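Novice: Structure below; questions to follow.
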Amino acid sequence: MNFVVYENEKIYPSKVVCIGRNYVEHIKELGNEMPENMVIFNKPNSSVTNRLFYFGEDVRFEGEISFLIKGGELEGVGFGLDLTNAKIQNYLKSKGLPWERAKAFDRSAVFSKFVKLSGDIESIEMKLFINSSLAQHARYDLMIYKPKEILKEIKSFMSLEDGDIIMSGTPKGVGGYKRGDLFKAFIYLDGKVINECEFKAL
């Protein structure tokens, strides 16, 4: 089983629950329709990694504020990359088929360490820099569905185990990357950096 690190402890998520189309500007940049309901899909444990690999020109990065679950609640917070094979996803969407081939492949869920979520969740935000340039900026107020609403919806039909991860959706700015690209991400709460990480694409 693959693991993430929370407060210096190895945690083995049974699954990663992802929210799609949760930022208006991201929906627009990909030319998608506004969802009538929350878009939810899963990545398996085999997708979890703490290293960023290059899979080819069709795979794009999607930076996300991610939450670790404990006792059915949002316990920890970290940064995650939802890697997506855009070519395959576009084909699957055109046929009305599930996205797993494009989203759930091995090493497609890249995570920083997680830290305890303590503070005003309404102040949460994320910034992702690639090669020192700002690529993505996520904020609580830009989310269509807020974290506690996401948690409630998931729990309405799916059990969440301790250590499971919720990826809360990506803001605008997704794109391709190449080997050697340097990703630096910061999670803020109450205006202060509470988590930061760095990945170099292998």
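Novice: Can you give me the three principal axis dimensions of the chain from its C-alpha atoms, in Å, biggest first?
Specialist: 40, 39, 35
Novice: Another one. Choose one answer from Ser14, Ser94, Ser123: the residue with the largest mean-square fluctuation in a GNM of the chain with alpha-carbon springs under 10 Å.
Specialist: Ser94
Novice: Related question: Between Glu36 and Lys93, how many nm apart are label points set 7 Å from Cα along the C-beta direction?
Specialist: 1.9 nm
Novice: Only helical DSSP H runs with n ≥ 4 go in: add -39500 (n - 2.57) per run for the chain, normalise by residue count and round the 222 nm mean residue ellipticity to 500 deg cm²/dmol.
Specialist: It lands at -3500 deg cm²/dmol.
Novice: Measure off 7 Å from each Cα along the Cα-to-Cβ vector at His137 and Glu149, then give the distance between these two points in nanometres to one decimal.
Specialist: Computed distance between label sites His137 and Glu149 equals 2.3 nm.
Novice: So if I average 1/r over every pair of distinct C-alpha atoms in the stretch 82-202 and take the inverse, what Kirkwood radius in Å does that give?
Specialist: The Cα-based Kirkwood calculation yields 16.3 Å.
Novice: Out of the stretch 95-202, which trypsin sites (Lys or Arg not before Pro) are coil in DSSP terms and have no more than 15 other C-beta atoms within 10 Å?
Specialist: Sites meeting the loop and neighbour criteria: Lys178, Arg179.
Novice: Then there is this: With a ≥ b ≥ c the root eigenvalues of the C-alpha gyration tensor of the stretch 55-97, is it rounded (a/c under 1.5), prolate (a/b larger than b/c) or oblate?
Specialist: oblate
Novice: Hey, can you rank 86-92, 159-165 by average C-beta count inside 10 Å, highest first?
Specialist: Order by mean packing, descending: 159-165, 86-92.
Novice: How are the alpha carbon pair distances in the stretch 161-202 distributed across 10 Å bins from zero to the largest one, expressed in percent?
Specialist: That works out to 20, 40, 35, 5, in percent per bin.
Novice: Next question, about the same structure. Give, as a single signed number, the net charge of other residues whose beta carbon lies under 10 Å from the beta carbon of Ser123, with Lys and Arg counted +1 and Asp and Glu -1.
Specialist: -3
Novice: Provide the percentage of antiparallel DSSP beta bridges, counting only those with both residues in the chain; round to the nearest 5.
Specialist: Of all bridge pairs located within the chain, approximately 90 percent are antiparallel.
Readers should treat all values here as calculations from the given coordinates under stated rules, not as data from a laboratory. What you are looking at is a predicted structure, and each value in this text was computed from that prediction instead of being measured. Note that each Cβ is placed from the backbone with ideal geometry, even for glycine, and that neighbours are counted across all protein chains shown.
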